[in-house]
Amino acid sequence: MLDLLITHANLPDGRADVDIAIRDGRIVEVAPRITGPAHATIDAAGQLVTPPFVDAHFHMDATLSYGLPRVNQSGTLLEGIALWGELKPQLTADALVQRALTYCDWAVAKGLLAIRTHVDICDPRLLAVEALLDVKRRVAGYLDLQLVAFPQDGALRSSGAMENLRRALDLGVDVVGGIPHFERTMADGARSVQLLCELAAERGLRVDMHCDETDDPLSRHIETLAFHAQRLGMQGRVTGSHLTSMHSMDNYYVSKLIPLIAEAGVNAVANPLINITIQGRHDTYPKRRGMTRVPELLAAGVPVAFGHDCVMDPWYSLGSGDMLEVAHMGLHVAQMTSQAGMRACFDAVTTTPAAMLGLEGYGIAAGCQADVVLLQARDPVEAIRLRATRLAVIRRGKVIARTAAATAVLDLPGRVGETSFRI
Ligand code: FE2
(Lines give C-alpha, C1' and ligand atoms only; values in the text may rest on other atoms or scores of the structure.)
Protein backbone atom coordinates (compact mmCIF):
# COMPACT_ATOMS: atom_id res chain seq x y z
CA MET A 1 0.00 0.00 0.00
CA LEU A 2 1.43 3.34 -1.05
CA ASP A 3 1.09 6.40 1.16
CA LEU A 4 0.77 8.78 -1.78
CA LEU A 5 0.58 8.43 -5.55
CA ILE A 6 1.16 11.50 -7.73
CA THR A 7 -0.09 10.94 -11.27
CA HIS A 8 0.44 12.68 -14.64
CA ALA A 9 3.42 14.75 -13.55
CA ASN A 10 5.89 16.60 -15.73
CA LEU A 11 9.44 16.58 -14.35
CA PRO A 12 12.11 19.32 -14.63
CA ASP A 13 14.34 17.04 -16.76
CA GLY A 14 11.70 16.98 -19.51
CA ARG A 15 10.00 13.65 -18.74
CA ALA A 16 6.26 14.10 -19.21
CA ASP A 17 3.17 12.38 -17.82
CA VAL A 18 4.83 10.15 -15.23
CA ASP A 19 3.58 8.81 -11.90
CA ILE A 20 5.46 9.05 -8.60
CA ALA A 21 4.87 6.44 -5.88
CA ILE A 22 5.65 7.30 -2.26
CA ARG A 23 5.90 5.08 0.80
CA ASP A 24 7.37 5.71 4.28
CA GLY A 25 8.61 9.18 3.35
CA ARG A 26 10.58 8.02 0.30
CA ILE A 27 9.93 7.86 -3.41
CA VAL A 28 9.72 4.16 -4.28
CA GLU A 29 9.04 4.34 -8.02
CA VAL A 30 8.87 6.82 -10.90
CA ALA A 31 7.28 5.35 -14.03
CA PRO A 32 4.88 6.21 -16.86
CA ARG A 33 1.94 4.51 -15.16
CA ILE A 34 1.86 3.06 -11.66
CA THR A 35 -1.13 1.08 -10.48
CA GLY A 36 -1.67 0.02 -6.95
CA PRO A 37 -3.63 1.11 -3.96
CA ALA A 38 -2.61 4.33 -2.22
CA HIS A 39 -3.95 6.12 0.83
CA ALA A 40 -4.00 9.35 -1.17
CA THR A 41 -3.65 10.37 -4.81
CA ILE A 42 -2.80 13.75 -6.32
CA ASP A 43 -3.47 14.25 -10.02
CA ALA A 44 -0.78 16.62 -11.26
CA ALA A 45 -2.71 16.92 -14.56
CA GLY A 46 0.35 17.57 -16.71
CA GLN A 47 1.87 20.17 -14.41
CA LEU A 48 5.38 20.35 -13.09
CA VAL A 49 6.46 18.36 -10.04
CA THR A 50 9.90 19.46 -8.93
CA PRO A 51 12.19 18.68 -6.03
CA PRO A 52 11.93 21.54 -3.52
CA PHE A 53 13.57 24.90 -3.99
CA VAL A 54 16.90 25.35 -2.21
CA ASP A 55 18.39 28.69 -1.16
CA ALA A 56 22.20 28.51 -1.15
CA HIS A 57 22.69 31.89 0.51
CA PHE A 58 20.59 33.62 3.15
CA HIS A 59 20.84 35.69 6.35
CA MET A 60 18.16 34.43 8.69
CA ASP A 61 19.46 36.33 11.72
CA ALA A 62 18.62 39.64 10.03
CA THR A 63 15.49 38.66 8.14
CA LEU A 64 12.20 40.53 8.64
CA SER A 65 13.94 43.28 10.64
CA TYR A 66 13.26 45.94 8.00
CA GLY A 67 13.03 49.40 9.58
CA LEU A 68 14.77 48.35 12.82
CA PRO A 69 16.08 50.68 14.06
CA ARG A 70 15.86 52.65 10.80
CA VAL A 71 15.88 52.18 7.03
CA ASN A 72 19.04 52.02 4.89
CA GLN A 73 19.00 55.44 3.16
CA SER A 74 21.88 55.03 0.71
CA GLY A 75 21.03 51.45 -0.25
CA THR A 76 24.69 50.47 -0.07
CA LEU A 77 26.28 47.36 1.40
CA LEU A 78 28.34 49.47 3.80
CA GLU A 79 25.35 51.36 5.23
CA GLY A 80 23.61 48.00 5.58
CA ILE A 81 26.54 46.64 7.61
CA ALA A 82 26.56 49.82 9.76
CA LEU A 83 22.79 49.55 10.28
CA TRP A 84 23.09 45.88 11.27
CA GLY A 85 25.77 47.01 13.77
CA GLU A 86 23.22 49.42 15.30
CA LEU A 87 20.59 46.71 15.50
CA LYS A 88 22.81 43.96 16.93
CA PRO A 89 22.95 45.24 20.55
CA GLN A 90 19.13 45.47 20.56
CA LEU A 91 18.55 41.91 19.36
CA THR A 92 16.81 39.49 21.67
CA ALA A 93 16.85 35.74 21.18
CA ASP A 94 13.08 35.51 21.32
CA ALA A 95 12.45 38.20 18.66
CA LEU A 96 15.11 36.66 16.44
CA VAL A 97 13.59 33.17 16.75
CA GLN A 98 10.09 34.48 16.05
CA ARG A 99 11.20 36.37 12.92
CA ALA A 100 13.11 33.34 11.67
CA LEU A 101 10.16 31.00 12.27
CA THR A 102 7.88 33.42 10.41
CA TYR A 103 10.30 33.43 7.49
CA CYS A 104 10.40 29.62 7.52
CA ASP A 105 6.58 29.62 7.24
CA TRP A 106 6.90 31.81 4.14
CA ALA A 107 9.63 29.57 2.75
CA VAL A 108 7.60 26.38 3.18
CA ALA A 109 4.57 28.01 1.53
CA LYS A 110 6.83 28.79 -1.45
CA GLY A 111 8.21 25.23 -1.64
CA LEU A 112 11.59 26.32 -0.28
CA LEU A 113 12.58 23.42 1.99
CA ALA A 114 16.37 23.84 2.38
CA ILE A 115 18.25 27.02 3.27
CA ARG A 116 21.93 27.71 3.90
CA THR A 117 21.94 30.70 6.20
CA HIS A 118 24.90 32.71 7.38
CA VAL A 119 24.83 33.71 11.04
CA ASP A 120 26.89 36.60 12.37
CA ILE A 121 29.35 35.38 15.01
CA CYS A 122 30.99 38.74 15.84
CA ASP A 123 28.81 39.36 18.91
CA PRO A 124 30.67 37.47 21.67
CA ARG A 125 27.32 36.52 23.25
CA LEU A 126 26.68 34.34 20.14
CA LEU A 127 23.04 35.19 20.69
CA ALA A 128 22.14 34.83 17.01
CA VAL A 129 24.03 31.53 16.76
CA GLU A 130 22.14 30.00 19.66
CA ALA A 131 18.82 31.38 18.38
CA LEU A 132 19.32 29.93 14.90
CA LEU A 133 20.50 26.58 16.26
CA ASP A 134 17.21 26.56 18.19
CA VAL A 135 15.31 27.45 14.99
CA LYS A 136 17.16 24.70 13.11
CA ARG A 137 15.95 22.13 15.65
CA ARG A 138 12.42 23.51 15.66
CA VAL A 139 11.96 23.45 11.87
CA ALA A 140 13.88 20.20 11.22
CA GLY A 141 10.66 18.28 10.57
CA TYR A 142 9.80 20.44 7.58
CA LEU A 143 12.84 22.46 6.51
CA ASP A 144 16.60 21.74 6.34
CA LEU A 145 18.58 24.64 7.75
CA GLN A 146 22.35 24.72 7.32
CA LEU A 147 24.27 27.35 9.29
CA VAL A 148 27.44 29.18 8.23
CA ALA A 149 29.61 30.88 10.86
CA PHE A 150 29.87 34.35 9.34
CA PRO A 151 32.28 36.99 10.69
CA GLN A 152 30.28 39.99 9.40
CA ASP A 153 32.74 42.58 10.76
CA GLY A 154 35.82 40.68 9.53
CA ALA A 155 37.47 37.53 10.89
CA LEU A 156 40.67 39.52 11.56
CA ARG A 157 39.31 43.09 11.62
CA SER A 158 36.84 42.38 14.43
CA SER A 159 38.61 41.53 17.67
CA GLY A 160 37.80 38.07 18.99
CA ALA A 161 36.02 37.03 15.79
CA MET A 162 38.21 33.96 15.10
CA GLU A 163 37.66 32.72 18.64
CA ASN A 164 33.90 33.38 18.39
CA LEU A 165 33.85 31.53 15.08
CA ARG A 166 35.51 28.47 16.65
CA ARG A 167 33.01 28.58 19.52
CA ALA A 168 30.13 28.74 17.02
CA LEU A 169 31.47 25.65 15.25
CA ASP A 170 31.79 23.89 18.62
CA LEU A 171 28.10 24.65 19.24
CA GLY A 172 27.15 22.88 16.01
CA VAL A 173 27.33 25.48 13.21
CA ASP A 174 27.92 23.51 10.00
CA VAL A 175 30.01 25.63 7.63
CA VAL A 176 32.95 28.10 7.86
CA GLY A 177 32.26 31.59 6.45
CA GLY A 178 34.36 34.67 5.79
CA ILE A 179 34.36 38.17 4.32
CA PRO A 180 37.88 38.85 2.99
CA HIS A 181 36.98 42.06 1.10
CA PHE A 182 35.91 43.64 4.42
CA GLU A 183 39.23 42.99 6.17
CA ARG A 184 41.49 46.04 6.63
CA THR A 185 43.90 45.26 3.80
CA MET A 186 44.11 43.01 0.76
CA ALA A 187 46.84 41.10 2.63
CA ASP A 188 44.59 40.58 5.65
CA GLY A 189 41.81 39.46 3.32
CA ALA A 190 44.09 36.83 1.81
CA ARG A 191 45.28 35.75 5.26
CA SER A 192 41.69 35.38 6.48
CA VAL A 193 40.91 33.13 3.51
CA GLN A 194 43.90 30.92 4.33
CA LEU A 195 43.13 30.69 8.07
CA LEU A 196 39.45 29.97 7.54
CA CYS A 197 40.04 27.33 4.86
CA GLU A 198 42.61 25.62 7.09
CA LEU A 199 40.19 25.70 10.01
CA ALA A 200 37.49 24.09 7.83
CA ALA A 201 39.91 21.46 6.50
CA GLU A 202 41.00 20.57 10.06
CA ARG A 203 37.41 20.04 11.11
CA GLY A 204 36.22 18.39 7.87
CA LEU A 205 33.73 21.20 7.22
CA ARG A 206 32.59 23.01 4.10
CA VAL A 207 33.50 26.64 3.37
CA ASP A 208 31.15 29.35 2.09
CA MET A 209 32.66 32.82 1.97
CA HIS A 210 31.23 36.17 1.08
CA CYS A 211 33.92 36.91 -1.43
CA ASP A 212 34.63 40.10 -3.32
CA GLU A 213 31.18 41.62 -2.75
CA THR A 214 32.40 44.91 -4.17
CA ASP A 215 32.63 46.78 -7.46
CA ASP A 216 36.42 47.02 -7.06
CA PRO A 217 37.86 45.08 -10.02
CA LEU A 218 41.07 44.50 -8.05
CA SER A 219 39.28 42.62 -5.27
CA ARG A 220 40.64 39.18 -6.15
CA HIS A 221 40.09 37.06 -3.05
CA ILE A 222 38.31 34.44 -5.16
CA GLU A 223 41.73 33.65 -6.64
CA THR A 224 43.05 33.01 -3.11
CA LEU A 225 39.97 30.98 -2.21
CA ALA A 226 40.44 28.76 -5.28
CA PHE A 227 44.15 28.39 -4.45
CA HIS A 228 43.51 27.15 -0.91
CA ALA A 229 40.58 24.93 -1.96
CA GLN A 230 42.95 23.24 -4.40
CA ARG A 231 45.89 23.10 -1.97
CA LEU A 232 43.82 21.59 0.83
CA GLY A 233 42.00 19.07 -1.38
CA MET A 234 38.60 20.62 -0.67
CA GLN A 235 37.24 20.36 -4.22
CA GLY A 236 33.44 20.56 -4.29
CA ARG A 237 33.26 21.68 -0.65
CA VAL A 238 34.15 25.35 -1.06
CA THR A 239 31.77 28.08 -2.24
CA GLY A 240 32.46 31.68 -3.20
CA SER A 241 29.34 33.77 -2.59
CA HIS A 242 28.54 36.99 -4.46
CA LEU A 243 31.83 37.30 -6.46
CA THR A 244 30.53 40.64 -7.71
CA SER A 245 33.95 42.15 -8.39
CA MET A 246 34.19 39.64 -11.26
CA HIS A 247 31.57 41.78 -13.02
CA SER A 248 34.05 44.67 -13.14
CA MET A 249 37.29 42.75 -13.67
CA ASP A 250 39.56 42.98 -16.65
CA ASN A 251 38.54 40.37 -19.23
CA TYR A 252 42.08 39.09 -19.71
CA TYR A 253 42.46 38.39 -15.99
CA VAL A 254 39.07 36.64 -15.92
CA SER A 255 40.19 34.38 -18.76
CA LYS A 256 42.83 33.06 -16.35
CA LEU A 257 40.66 33.16 -13.22
CA ILE A 258 37.61 31.16 -14.31
CA PRO A 259 39.62 28.04 -15.29
CA LEU A 260 41.36 28.25 -11.88
CA ILE A 261 37.97 28.32 -10.12
CA ALA A 262 36.84 25.33 -12.20
CA GLU A 263 40.06 23.40 -11.57
CA ALA A 264 39.74 23.98 -7.81
CA GLY A 265 36.16 22.66 -7.81
CA VAL A 266 34.90 25.88 -6.21
CA ASN A 267 31.16 26.58 -6.40
CA ALA A 268 29.74 30.04 -7.07
CA VAL A 269 26.64 31.72 -5.69
CA ALA A 270 25.15 34.82 -7.27
CA ASN A 271 22.45 36.74 -5.41
CA PRO A 272 20.65 38.52 -8.24
CA LEU A 273 18.08 40.55 -6.28
CA ILE A 274 20.62 42.05 -3.92
CA ASN A 275 23.48 42.30 -6.43
CA ILE A 276 21.39 44.34 -8.86
CA THR A 277 20.29 46.73 -6.11
CA ILE A 278 23.47 47.12 -4.03
CA GLN A 279 26.22 47.09 -6.65
CA GLY A 280 26.98 49.99 -8.96
CA ARG A 281 25.86 52.53 -6.35
CA HIS A 282 28.93 54.68 -6.90
CA ASP A 283 28.43 54.75 -10.67
CA THR A 284 26.70 57.53 -12.55
CA TYR A 285 25.91 56.18 -16.03
CA PRO A 286 26.32 53.59 -17.33
CA LYS A 287 25.64 51.80 -14.04
CA ARG A 288 27.19 48.38 -13.59
CA ARG A 289 24.82 45.51 -12.87
CA GLY A 290 27.27 44.00 -10.41
CA MET A 291 26.26 40.36 -10.74
CA THR A 292 29.07 37.86 -11.25
CA ARG A 293 29.68 36.25 -14.66
CA VAL A 294 27.09 33.50 -14.43
CA PRO A 295 26.95 32.16 -18.03
CA GLU A 296 30.74 32.21 -18.34
CA LEU A 297 31.21 30.33 -15.04
CA LEU A 298 28.59 27.77 -16.09
CA ALA A 299 30.26 27.33 -19.48
CA ALA A 300 33.51 26.51 -17.69
CA GLY A 301 31.77 23.84 -15.63
CA VAL A 302 31.56 25.81 -12.37
CA PRO A 303 28.31 25.05 -10.49
CA VAL A 304 26.42 28.33 -10.01
CA ALA A 305 23.46 28.68 -7.65
CA PHE A 306 21.25 31.71 -7.09
CA GLY A 307 20.62 32.81 -3.51
CA HIS A 308 17.99 35.12 -2.01
CA ASP A 309 20.53 36.59 0.45
CA CYS A 310 18.12 38.98 2.18
CA VAL A 311 14.40 39.48 2.77
CA MET A 312 13.19 42.65 4.49
CA ASP A 313 16.38 43.49 6.35
CA PRO A 314 19.04 46.27 6.49
CA TRP A 315 20.18 45.45 2.95
CA TYR A 316 16.99 44.60 1.07
CA SER A 317 13.47 45.82 1.70
CA LEU A 318 11.53 43.34 -0.43
CA GLY A 319 11.18 39.58 -0.94
CA SER A 320 8.92 36.76 0.22
CA GLY A 321 11.05 33.60 0.09
CA ASP A 322 10.17 32.98 -3.55
CA MET A 323 13.14 31.34 -5.28
CA LEU A 324 11.35 31.65 -8.63
CA GLU A 325 11.51 35.44 -8.17
CA VAL A 326 15.26 35.03 -7.56
CA ALA A 327 15.65 32.88 -10.69
CA HIS A 328 13.57 35.38 -12.68
CA MET A 329 15.87 38.25 -11.73
CA GLY A 330 19.00 36.14 -12.30
CA LEU A 331 17.79 35.20 -15.76
CA HIS A 332 17.25 38.84 -16.69
CA VAL A 333 20.47 40.25 -15.24
CA ALA A 334 22.58 37.48 -16.82
CA GLN A 335 20.61 37.71 -20.09
CA MET A 336 20.11 33.94 -19.96
CA THR A 337 17.11 33.96 -22.27
CA SER A 338 17.82 30.84 -24.35
CA GLN A 339 15.84 27.71 -23.50
CA ALA A 340 18.98 26.12 -22.03
CA GLY A 341 19.80 29.33 -20.16
CA MET A 342 16.34 29.56 -18.59
CA ARG A 343 16.47 25.91 -17.54
CA ALA A 344 19.90 26.51 -16.00
CA CYS A 345 18.32 29.33 -13.95
CA PHE A 346 15.75 26.83 -12.64
CA ASP A 347 18.58 24.42 -11.76
CA ALA A 348 20.29 27.30 -9.93
CA VAL A 349 17.48 27.34 -7.34
CA THR A 350 16.98 23.55 -7.15
CA THR A 351 19.52 20.84 -8.03
CA THR A 352 22.70 22.98 -8.05
CA PRO A 353 22.33 24.39 -4.52
CA ALA A 354 21.14 20.98 -3.27
CA ALA A 355 24.51 19.55 -4.33
CA MET A 356 26.38 22.50 -2.77
CA LEU A 357 24.65 21.95 0.55
CA GLY A 358 25.25 18.20 0.31
CA LEU A 359 21.55 17.39 0.78
CA GLU A 360 20.94 13.68 1.17
CA GLY A 361 18.29 11.99 -1.02
CA TYR A 362 17.41 15.09 -3.03
CA GLY A 363 15.65 14.53 -6.35
CA ILE A 364 12.84 12.66 -8.02
CA ALA A 365 13.96 9.04 -8.33
CA ALA A 366 13.41 5.80 -6.47
CA GLY A 367 15.13 6.02 -3.09
CA CYS A 368 15.00 9.83 -2.82
CA GLN A 369 13.24 11.66 0.01
CA ALA A 370 9.59 12.22 -0.87
CA ASP A 371 10.01 16.00 -0.91
CA VAL A 372 8.38 17.56 -3.98
CA VAL A 373 6.47 20.64 -5.05
CA LEU A 374 3.54 20.70 -7.47
CA LEU A 375 3.56 23.93 -9.46
CA GLN A 376 0.87 25.59 -11.55
CA ALA A 377 3.14 25.42 -14.59
CA ARG A 378 3.98 22.82 -17.18
CA ASP A 379 7.76 23.17 -17.24
CA PRO A 380 10.63 25.08 -15.57
CA VAL A 381 10.52 27.98 -18.05
CA GLU A 382 6.82 28.55 -17.47
CA ALA A 383 7.41 28.24 -13.73
CA ILE A 384 9.93 31.09 -13.84
CA ARG A 385 7.82 33.23 -16.19
CA LEU A 386 4.78 33.04 -13.91
CA ARG A 387 6.61 32.72 -10.59
CA ALA A 388 4.16 29.83 -10.51
CA THR A 389 1.79 29.12 -7.67
CA ARG A 390 2.90 26.28 -5.38
CA LEU A 391 -0.28 24.20 -5.53
CA ALA A 392 1.09 21.61 -3.08
CA VAL A 393 4.30 21.33 -1.08
CA ILE A 394 5.09 17.78 0.04
CA ARG A 395 7.64 16.82 2.68
CA ARG A 396 8.41 13.14 3.38
CA GLY A 397 5.22 12.21 1.52
CA LYS A 398 2.91 14.54 3.45
CA VAL A 399 1.30 17.72 2.10
CA ILE A 400 2.52 20.55 4.34
CA ALA A 401 1.33 23.58 2.34
CA ARG A 402 -1.27 24.27 -0.30
CA THR A 403 -2.06 27.40 -2.33
CA ALA A 404 -5.11 27.93 -4.53
CA ALA A 405 -4.44 28.16 -8.26
CA ALA A 406 -3.89 31.66 -9.65
CA THR A 407 -6.76 32.05 -12.07
CA ALA A 408 -8.36 35.36 -12.93
CA VAL A 409 -12.12 35.39 -13.57
CA LEU A 410 -13.03 37.61 -16.50
CA ASP A 411 -16.27 39.22 -17.56
CA LEU A 412 -15.55 40.40 -21.11
CA PRO A 413 -17.96 40.38 -24.06
CA GLY A 414 -17.20 37.53 -26.45
CA ARG A 415 -14.19 36.28 -24.46
CA VAL A 416 -13.52 33.21 -22.29
CA GLY A 417 -14.45 33.51 -18.64
CA GLU A 418 -11.05 33.06 -17.04
CA THR A 419 -7.30 33.04 -17.64
CA SER A 420 -4.25 31.45 -15.99
CA PHE A 421 -1.82 33.42 -18.15
CA ARG A 422 -0.91 30.50 -20.41
CA ILE A 423 -1.35 30.12 -24.16
FE1 FE2 B 1 25.20 37.49 2.08
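Worth a mention:
- Filter result for THR76 (touching a Lys or Arg at 6+ places or on another chain (Cβ under 7 Å), of a type in the set (S, T, N, Q) and surrounded by fewer than 18 Cβ atoms within 10 Å (Cβ to Cβ)): yes
- Residue count for the range 201-240, restricted to those that are assigned to a helix (DSSP H, G or I), surrounded by fewer than 22 Cβ atoms within 10 Å (Cβ to Cβ) and touching a residue at least 40 places away in the same chain (Cβ under 8 Å): 1.
- Taken over the range 147-164, the criterion of being under 13 Å from CYS122 (Cβ atoms) and either away from the ligand (no atom under 16 Å from the Cβ) or β-branched (Val, Ile, Thr) (or both) is satisfied by LEU156, ARG157, SER158, SER159, GLY160, ALA161, MET162, GLU163, ASN164.
- Candidate set from the range 324-342 (those that are part of a helix (DSSP H, G or I), among the small types (Gly, Ala, Ser) and away from the ligand (no atom under 16 Å from the Cβ)); member that is surrounded by the most Cβ atoms within 10 Å (Cβ to Cβ): ALA327
- Which listed residue, of ASP105, ASP94, is assigned to a helix (DSSP H, G or I) and over 21 Å from the mean Cα position of the chain (by Cα): ASP94
- Across the range 266-276, the qualifying residues are those that are away from the ligand (no atom under 13 Å from the Cβ) and either of a type in the set (Val, Ile, Thr) or in contact with a Cys (Cβ under 6 Å, 6 or more places away or on another chain) (or both), and the one among them that is nearest to VAL311 (Cα to Cα) is ILE276.
- Condition broken by GLU213, with the remaining ones in (1) within 21 Å of GLU79 (Cβ to Cβ); (2) more than 15 Å from the ligand (Cβ to nearest atom); (3) out of contact with any Lys or Arg (no Cβ under 9 Å at 6 or more places or on another chain) satisfied: (2)
- Test: residue in the range 230-237 that is more than 16 Å from the ligand (Cβ to nearest atom) and touching a His at 6+ places or on another chain (Cβ under 6 Å): no
- Taking the numbered list (1) farther than 23 Å from HIS247 by Cβ; (2) more than 16 Å from the ligand (Cβ to nearest atom); (3) in a loop (DSSP other than H, G, I, E, B); (4) touching a Leu at 6+ places or on another chain (Cβ under 8 Å) in turn, GLY321 passes all entries but (2).
- A count restricted to the range 41-61 and to residues that are outside any strand (DSSP E or B) and more than 16 Å from the ligand (Cβ to nearest atom) stands at 2.
- Which numbered condition CYS345 fails, given (1) of a type outside the set (Lys, Arg); (2) in a loop (DSSP other than H, G, I, E, B); (3) assigned by TED's automatic domain parsing to the domain that holds LEU77: (2)
- From the options GLY80, GLY75, residue that is out of contact with any Phe, Trp or Tyr (no Cβ under 8 Å at 6 or more places or on another chain) and either among the small types (Gly, Ala, Ser) or within 14 Å of the ligand (Cβ to nearest atom) (or both): GLY75
The values are calculated or read from the model by the stated rules, or taken from the named source; none is laboratory data. Here the structure is a predicted model, which means the values were calculated and not measured. Every residue, glycine among them, receives a Cβ derived from its backbone with ideal geometry; neighbour counts consider all protein chains shown.
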